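Please read the structure below before turning to the comments.
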Amino acid sequence: MAQRARKATLQLRYLAHARSGDKGNTANVGLIALEPDYYPLLLREVTPARVAKHFKGMVSGVDRFELPNLSALNFLLHDALDGGGTISLKTDAQGKVYSTALLRMEIPVPLALARRLSRS
Amino acid sequence: MSDRVVRIAAGQGFWGDWLEAPVRQVRGGPIDYLMMDYLAEVTMSIMQKQKSRDPRAGYARDFVPLMERILPDIVERGIKVTSNAGGVNPRGCAEAVLEVARKLGLAGRLRVGLVTGDDILDRLDDLIRRGHPLADMETGRPLSEIRDTVLSANAYLGMAPIVEALRGGADVVVTGRVTDTGLTLGPIFHEFGWSPEDWDKVAAGTVAGHIIECGAQASGGNLLKGWRSVKGMADPGFPIAEASPDGTFVVTKHPGTGGVVSVASVTEQLVYEMGDPRNYITPDGVADFTSIRLRQRGRDRVEVSGIRGTPKTPMLKVSIAYFYGYKAVGTLVYAWPEAFDKAKAADRILRRRLADLGLEFEQILTEFVGVDATHGRLSGRPPADLPEVQLRVGVRARDRAPVVRFTREIAPLVLTGPPSVTGFAGGRPAVEEVVAYWPALIDRREIEQHVKVDILSA
């Protein structure tokens, strides 16, 4: 319990920036640590399973690729775009803002870090 | 020689990009090449449609008046241009550029390299008959299932014909479906005389191409990290790759321009439209994005090094566009108070009417702009009583008739639905033809023997 008490949850927007794009009916989100120090935290907490849960009902599956050299993770979100490209009826037919939708996700972080970042 | 760099400047990131950018790239400082990418996945089909109405059309028309503005500078400064503006009619595009050059008094002073052979529309039946299924890379379905609806089919070519055109003395290289990265790789390989089988060098040039191919998206545009602190975006500097003979390069922009070139701006562009980062496949080779090292080397200068690559694959990608059906999107704006509830009520009424009319759609999609259009259910519950909400309803069908009828059902809601509604001055929504994209692979030997490079003189 003591261990737990020192944890808090924090939205990814305080830990990462992101850009997204499309390939057919798949959206990709590149999630980039705001500081290289945060990358291990992203690697540990932003798992494909958690991202799939975050986007439940919006995507059919999630793949994750690691780019430690860029302190980044790349996610492929399958069947995310209502057919994609010209077929899609979505405002975001090309998945341009799936990036910030991922930044809504909350992950557990050390309490001190959460306090420092949510203040900045 | 060892410290010689080749400067490749991005002029357009897509068909419709900022028209001033190429002019400023040419006049704002030293560059050796101007690279202009015009072709997105569905652009070829739009061009094919234009060509079917007018055999002289079918290329990025913006390119010609743009060249008219910059050709005198290009000739004066010895800058060369690589562009896939040719679309489905590269010959028409090349001839239009030559005509403009003559008009400018540049006869005898400009050579245009014309690359053809990517267009396989007329060869499709023969290819299918000879056992090339051209199956959809996403679904695995063979092309024969939709053969009758195909509008355009082009193989993605790499840098080889561009290198050949430059070697032949071309000042402006006009191509059809050459990859975005090939437009940058071509000049670098031509200048440094690298072997096309030096896979690390191919990968390095590919990464350089990928970074600059979307224009200002690498130099401050659409940059999320610290977006408020990006200055001067009314006059953004488009990216320039300064390539060195050792395979490293620096991404920068002209001095005095707006925007920023930083590790963050380059990284955001690197991950854009990324698949498996270890296998970034182009016709020229395969780049490993996990090998890329970025270092800030002064203001608006990012050094890119360490890139590794592996050999090209035996296949080329083919971009096929086919007729899919019809769609339309209707919108109405509801005002405070209870704007969201009014918009939801209007959506229910509309859907009931569409059902009562017996209209059949493949898809009806409702979004409430201001509430959930960008992030869906992740948007959460909206704040109480929004000032306004836009109802946005889209429909898609294989047949035209139900879509046409849908476009007649939006305006009536103004007088027969919830109150405080506006924003319908644009009239009935347009019925759009849906042209869909069918990505496939083909044995590169089927394509490469047909690729042709002509050098034309003004």
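Quick notes
- Flag if residue B:194 is more than 24 Å from residue B:156 (Cα to Cα) and either within 14 Å of chain A (Cβ to nearest Cβ) or in contact with a helix residue (DSSP H, G or I) (Cβ under 6 Å, 6 or more places away or on another chain) (or both): no
- Taken over the stretch B:22-43, residues that are part of a helix (DSSP H, G or I) and buried (at least 24 other Cβ atoms within 10 Å of the Cβ) amount to 2.
- Positions within the stretch B:95-113 being touching a residue at least 12 places away in the same chain (Cβ under 8 Å), part of a helix (DSSP H, G or I) and open to solvent by 60 Å² or more (accessible area, probe 1.4 Å), in sequence order: B:95, B:102, B:103
- Scanning the stretch B:353-384 for residues that are among the acidic types (Asp, Glu) and either open to solvent by 70 Å² or more (accessible area, probe 1.4 Å) or closer than 14 Å to residue B:406 by Cβ (or both) returns B:356, B:360, B:362.
- Checked against (1) facing chain A (nearest Cβ under 10 Å); (2) not in a strand (DSSP E or B), residue B:254 passes all but a single condition, namely (1).
- Matching residues in the stretch B:114-137 - criterion: being closer than 26 Å to residue B:183 by Cβ, in a loop (DSSP other than H, G, I, E, B) and under 21 Å from the mean Cα position of the chain (by Cα): B:117, B:118, B:120, B:137
- Leading residue by the ranking (least open to solvent (accessible area, probe 1.4 Å)) among those in the stretch B:399-431 that are modelled with pLDDT under 95 and within 31 Å of the chain's Cα centre (by Cα): B:427
One line per residue, one yes/no per condition, for (1) over 29 Å from residue A:15 (Cβ atoms); (2) within 14 Å of another protein chain (Cβ to nearest Cβ); (3) open to solvent by 20 Å² or more (accessible area, probe 1.4 Å); (4) modelled with pLDDT of 95 or more:
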site: B:212; (1), (2), (3), (4): no, no, no, yes
site: B:238; (1), (2), (3), (4): yes, no, no, yes
site: B:267; (1), (2), (3), (4): no, yes, no, yes
site: B:281; (1), (2), (3), (4): yes, yes, yes, yes
site: B:284; (1), (2), (3), (4): yes, no, no, yes
site: B:294; (1), (2), (3), (4): no, yes, yes, yes
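- Of the residues making up the stretch B:263-300, those that are within 30 Å of residue B:444 (Cβ to Cβ), in a helix (DSSP H, G or I) and in contact with a His (Cβ under 9 Å, 6 or more places away or on another chain) are B:269, B:270, B:289.
- Of B:378, B:386, all but one fail to be in contact with a helix residue (DSSP H, G or I) (Cβ under 6 Å, 6 or more places away or on another chain), modelled with pLDDT of 95 or more and away from chain A (no Cβ under 14 Å); the exception is B:386.
- Test for residue B:204: is it open to solvent by less than 10 Å² (accessible area, probe 1.4 Å) and either part of a loop (DSSP other than H, G, I, E, B) or over 15 Å from residue B:115 (Cβ atoms) (or both): yes
- Some residue of the stretch B:308-320 being within 13 Å of chain A (Cβ to nearest Cβ) and under 15 Å from residue B:207 (Cβ atoms): yes
- Inside the stretch A:13-28, residues that are part of a strand (DSSP E or B) and touching a Gly at 6+ places or on another chain (Cβ under 8 Å) make up a count of 9.
- Of all the listed residues (B:134, B:104, B:127), the sole one being closer than 27 Å to residue B:158 by Cα, in contact with a helix residue (DSSP H, G or I) (Cβ under 6 Å, 6 or more places away or on another chain) and modelled with pLDDT of 95 or more is B:134.
- Of the strands (runs of 3 or more DSSP E) lying entirely inside the stretch A:32-120, those carrying at least 2 residues that are at the interface with chain B (Cβ under 7 Å from one of its Cβ atoms) and either in contact (Cβ under 8 Å) with a residue 60 or more places away in the chain or surrounded by 15 or more Cβ atoms within 10 Å (Cβ to Cβ) (or both) are A:61-67, A:72-78.
- Within the set B:349, B:364, the sole residue that is more than 36 Å from the chain's Cα centre (by Cα) and within 25 Å of residue B:326 (Cα to Cα) turns out to be B:349.
- Considering residues of the stretch B:301-347 that are part of a strand (DSSP E or B) and of a type in the set (Phe, Trp, Tyr) only, the residue least open to solvent (accessible area, probe 1.4 Å): B:334
- Candidate set from the stretch B:44-73 (those that are touching a Leu at 6+ places or on another chain (Cβ under 7 Å), more than 23 Å from residue A:87 (Cβ to Cβ) and buried (at least 23 other Cβ atoms within 10 Å of the Cβ)); member that is farthest from the other protein chains (Cβ to nearest Cβ): B:71
- Residue check for residue B:234: more than 9 Å from chain A (Cβ to nearest Cβ), small (Gly, Ala, Ser) and free of Cβ contacts under 8 Å to residues at least 60 places away in the same chain: yes
- Selected residue (only one of B:226, B:259 is open to solvent by less than 20 Å² (accessible area, probe 1.4 Å), farther than 25 Å from residue B:90 by Cβ and without any contact (Cβ under 8 Å) to a residue 60 or more places away in the chain): B:259
The values are calculated or read from the model by the stated rules, or taken from the named source; none is laboratory data. Just so it is clear, the model here is predicted, and its values are computed rather than measured. Cβ: placed from backbone, ideal geometry, glycine included. Neighbour counts: every protein chain shown. For accessibility, only protein heavy atoms count, side chains too; no ligands or nucleic acids. Shrake-Rupley method; radii C 1.70, N 1.55, O 1.52, S 1.80 Å.
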